[in-house]
Amino acid sequence: MPEVKVYGADWCSMTKRTRAYLDQQGVSYEYVDIDRDRQAASWVADQNGGKEKKPTVDIGGVVLAEPSNQELDKVLKEKGLGR
């Protein structure tokens with residue numbers, strides 16, 4: 001089963017929205033607060049041309065920056081996750 005990781009910040013409304021959506025869809029994921037994990041923040045910046053885009057979501061190796069619910073659905077379905 002692919003691993004899902006959400007990289008974001010507790011104060012970020014888009015991070016909160018993405019996490020709530022994944023919870024609603026019954027998708028288990030690991031949350032990484034990039035304000036507290038500088039190595040993770042560096043990884044996020046590497047994925048996004050030097051920018052700390054929040055959230056950045058890794059779904060089994062597919063990396064999405066600031067994804068819409070539709071973008072999440074598409075990749076979750078491709079990976080056999082979600083509803």
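Readers should treat all values here as calculations from the given coordinates under stated rules, not as data from a laboratory. Because the structure is predicted, anything quoted here is derived from the model rather than measured. Note that each Cβ is placed from the backbone with ideal geometry, even for glycine, and that neighbours are counted across all protein chains shown.
Give me the percent relative contact order of the chain, please, defined on Cα pairs under 8 angstrom at least 6 residues apart.
34 percent
For the range 4-51, just say rounded, prolate or oblate: build the C-alpha gyration tensor, square-root its eigenvalues into a ≥ b ≥ c, call rounded for a/c under 1.5, and beyond that prolate if a/b exceeds b/c, oblate if not. Write out the running numbers ahead of the final one.
On the way: a/c = 2.06, a/b = 1.87, b/c = 1.10.
It comes out prolate by the Cα gyration axes.
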Fill in the blank from the handout: Long-range amide H partners of VAL32, meaning residues 5 or more apart or on another chain whose placed amide H is closer than 5 Å, are VAL6, TYR7, GLY8
Exercise for the section: Output the peptides 15-25, 48-58 sorted from most to least packed, where packing is the average of other Cβ atoms within 10 Å over each peptide's residues. Expected result: 48-58, 15-25
Handout entry: 3J(HN,Hα) from dihedral phi, the range 49-59, Karplus parametrisation 6.51/-1.76/1.60, rounded to Hz, x for glycine, proline
Key = x, x, 9, 8, 6, 10, x, 10, 10, 10, 10
Exercise for the section: Working from Cα positions, state the angle (0 to 90°, nearest 10) between the long axis of helix 13-24 and the longest principal axis of the chain. Expected result: 30 degrees
Problem - Of (1) 6.0; (2) 5.5; (3) 4.9, the label for mean projected area of the Cα convex hull in nm² derived from the coordinates - result: (3)
Completion exercise
In deg cm²/dmol, rounded to the nearest 500, the helical mean residue ellipticity at 222 nm of the chain, built from -39500 (n - 2.57) for every DSSP H run of length 4 or more, is -11500 deg cm²/dmol
